[in-house]
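The values are calculated or read from the model by the stated rules, or taken from the named source; none is laboratory data. Note that the structure is predicted; figures quoted are calculated from it, not measured. Cβ placement follows ideal geometry from the backbone for every residue including glycine, while neighbour counts extend to all protein chains displayed. We work out accessible area using only protein heavy atoms, side chains counted, and drop any ligands, DNA or RNA first. Shrake-Rupley method; radii C 1.70, N 1.55, O 1.52, S 1.80 Å.
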Amino acid sequence: MLLGFAVMVAYLPNIVGAVVPTGWAAICIIAPIYLLKCKIEINQIHILGLVFLTYASLSLIWSPHGYYALMQILALASVFVWGASLIDLKKVVIGLSVGLCISALISILNIPVYRVTDKFAGLFVNSNIYSEVSALMLVAFIVTKLYFWIPVTLPGLILIQSRTALVGLGVGLFLIIYRISRLYALA
């Protein structure tokens, strides 16, 4: 729950620097802590992941700016291994939704968070990214049956009306409906 919340609210305007490195810093600090707590059962996907990490490490290490990309890949790998060890993702989704609540409140009140912030962007600086995260979270709420949190996503979808987010939401909902009934999905 803490990791999801930290990723959503890692960027505090005028207090910390740019939004992207701050979010990655939160992931890089918190994810290895959770990784140490989980029980890892190595399977074929983990072996393929290790092969990919070895290849990525060797291809990025020679570049002067490759360490940042390598840090991102290793952080995502630790999040993957930790997430694969979880039985239920509801706590992570709830943590993300609590962080999204802050962005929804800022967006509804139309508070300018940062000088370059788009209108209705919340803590995301870019309104399209906020809308895309809202669409992904809406699908996550439906899949995990956390229907109570669905209103948190509505400001990001209704106020911004990003085509990319709406297409992504449509594809996600199509796949959910397809799992239930192929006939309804095709209709």
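Looking at (1) open to solvent by 30 Å² or more (accessible area, probe 1.4 Å); (2) within 30 Å of N43 (Cβ to Cβ), which one does V93 not meet, given that it meets all the others?
(1)
Here's a check for you: in the range 29-45, which residue that is open to solvent by 100 Å² or more (accessible area, probe 1.4 Å) and among the hydrophobic types (A, V, I, L, M, F, W, C) is farthest from D88 (Cα to Cα)? I'd like the intermediate steps shown before the answer.
Restricting attention to the range 29-45, the residues satisfying the condition of being open to solvent by 100 Å² or more (accessible area, probe 1.4 Å) are 29, 36-37, 39, 41-42, 44-45.
Of the ones still in play, those that are also among the hydrophobic types (A, V, I, L, M, F, W, C) are 29, 36, 42, 45.
Details: I29: 22, L36: 18, I42: 19, I45: 19 Å.
Once the filter is applied, the top-ranked residue is I29.
Please give the number of the condition S63 fails out of (1) part of a helix (DSSP H, G or I); (2) farther than 25 Å from L136 by Cβ; (3) open to solvent by less than 100 Å² (accessible area, probe 1.4 Å).
Condition not satisfied by S63: (1).
Scan (1) of a type in the set (A, V, I, L, M); (2) modelled with pLDDT of 70 or more; (3) under 23 Å from I129 (Cβ atoms) for the single condition V9 breaks and write down its number.
Just one mismatch for V9, condition (2).
Out of curiosity, is V152 surrounded by 17 or more Cβ atoms within 10 Å (Cβ to Cβ), hydrophobic (A, V, I, L, M, F, W, C), in contact with a Gly (Cβ under 7 Å, 6 or more places away or on another chain) and modelled with pLDDT of 80 or more?
Details: surrounded by 17 or more Cβ atoms within 10 Å (Cβ to Cβ): yes; hydrophobic (A, V, I, L, M, F, W, C): yes; in contact with a Gly (Cβ under 7 Å, 6 or more places away or on another chain): no; modelled with pLDDT of 80 or more: yes.
Judged against the criteria, V152 is not a match.
S85 - would you say it is under 15 Å from the mean Cα position of the chain (by Cα) and either modelled with pLDDT of 80 or more or under 30 Å from I33 (Cβ atoms) (or both)? Can you show your working first?
Working: under 15 Å from the mean Cα position of the chain (by Cα): no; either modelled with pLDDT of 80 or more or under 30 Å from I33 (Cβ atoms) (or both): yes.
No, not satisfied.
Considering each of L53, L70 in turn, give the residue that is in contact with a Leu (Cβ under 6 Å, 6 or more places away or on another chain), assigned to a helix (DSSP H, G or I) and surrounded by 14 or more Cβ atoms within 10 Å (Cβ to Cβ).
Details: L53 fails: in contact with a Leu (Cβ under 6 Å, 6 or more places away or on another chain).
Exactly one residue qualifies, and that residue is L70.
Suppose we filter F80, F124 for residues that are modelled with pLDDT under 80, surrounded by 14 or more Cβ atoms within 10 Å (Cβ to Cβ) and in contact with a Ser or Thr (Cβ under 9 Å, 6 or more places away or on another chain); which single one remains?
Criteria check complete, one pass: F124.
Going by what's in this entry, would L76 be described as more than 30 Å from S59 (Cα to Cα) and of a type outside the set (S, T, N, Q)? Lay out the reasoning, then the answer.
Numbers: more than 30 Å from S59 (Cα to Cα): no; of a type outside the set (S, T, N, Q): yes.
When the stated conditions are applied, L76 does not pass them.
Please name all residue pairs, on different chains or six or more residues apart, with Cβ atoms under 7 Å, provided the first residue is in the range 85-97 and is within 23 Å of S134 (Cβ to Cβ) and the second residue is charged (D, E, K, R) and open to solvent by 90 Å² or more (accessible area, probe 1.4 Å).
Once the first residue is within 23 Å of S134 (Cβ to Cβ) and sits in the range 85-97, no partner that is charged (D, E, K, R) and open to solvent by 90 Å² or more (accessible area, probe 1.4 Å) comes close enough.
Out of L146, L136, L166, which single residue is closer than 27 Å to A31 by Cα, open to solvent by 60 Å² or more (accessible area, probe 1.4 Å) and touching a residue at least 12 places away in the same chain (Cβ under 8 Å)?
Details: L146 fails: open to solvent by 60 Å² or more (accessible area, probe 1.4 Å); L166 fails: closer than 27 Å to A31 by Cα.
It is L136.
Within the range 57-72, can you find the residues that are among the hydrophobic types (A, V, I, L, M, F, W, C) and more than 30 Å from D88 (Cβ to Cβ)? Show your work before the answer.
So in the range 57-72, the residues among the hydrophobic types (A, V, I, L, M, F, W, C) come out as 58, 60-62, 69-71.
Result: L58, L60, I61, W62, A69, L70.
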